[in-house]
Amino acid sequence: MFSQLTRYASQLDIEIEDAEMDIRMTYDTRGKLLLADVSPGCKELTYVFKIHSPAPSDKVQEMLQLIEKGCHTINSLKNPVPVAGRLVHNGQEIELKL
């Protein structure tokens, strides 16, 4: 999301004095450790965007909406996409049996 901050701040003519972001993801670690039949994937993602700017709050809110709409990562998490993998070991492709 930070990669979009400069883009949309510039587009909306918003001066950013300081920005900080805290991102947290919640997991059930039993899945990662194969202790239970639960997904090792993230259960929830939350963030706090702290922005210091002389711009009005409604303008900063508009910018954040654009940032979230334009963020590749956030949108990939909201709308999962197919994942495909390949294994090439010592120059030879090995068929994955996942």
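The values are calculated or read from the model by the stated rules, or taken from the named source; none is laboratory data. Quantities reported herein were computed from a predicted structural model and do not represent experimental measurements. Because the Cβ atoms are built from the backbone with ideal geometry, glycine has one as well, and the counts that use them run over all protein chains shown.
Of (1) surrounded by 12 or more Cβ atoms within 10 Å (Cβ to Cβ); (2) outside any loop (DSSP other than H, G, I, E, B); (3) in contact (Cβ under 8 Å) with a residue 12 or more places away in the chain; (4) out of contact with any Asp or Glu (no Cβ under 6 Å at 6 or more places or on another chain), ASN75 satisfies all except one. Which?
Against the list (1) surrounded by 12 or more Cβ atoms within 10 Å (Cβ to Cβ); (2) outside any loop (DSSP other than H, G, I, E, B); (3) in contact (Cβ under 8 Å) with a residue 12 or more places away in the chain; (4) out of contact with any Asp or Glu (no Cβ under 6 Å at 6 or more places or on another chain), ASN75 comes up short only on (3).
Please find, among GLU68, GLU62, the residue that is charged (D, E, K, R), assigned to a helix (DSSP H, G or I) and touching a residue at least 60 places away in the same chain (Cβ under 8 Å).
Sole residue among the options that is charged (D, E, K, R), assigned to a helix (DSSP H, G or I) and touching a residue at least 60 places away in the same chain (Cβ under 8 Å): GLU68.
Could you list all residues from the stretch 30-59 that are outside any loop (DSSP other than H, G, I, E, B) and not charged (D, E, K, R)?
Residues of the stretch 30-59 outside any loop (DSSP other than H, G, I, E, B): 30-32, 44-52, 57-59.
Within the stretch 30-59, GLY31, LEU45, THR46, TYR47, VAL48, PHE49, ILE51, HIS52, SER57 meet the criteria.
Working only within the stretch 1-42, note down all residues that are charged (D, E, K, R), modelled with pLDDT of 90 or more and surrounded by 12 or more Cβ atoms within 10 Å (Cβ to Cβ).
ARG7, ASP28, ARG30
Could you figure out which of (1) in a strand (DSSP E or B); (2) touching a residue at least 12 places away in the same chain (Cβ under 8 Å) isn't true of VAL88?
Result: VAL88 passes all but (2).
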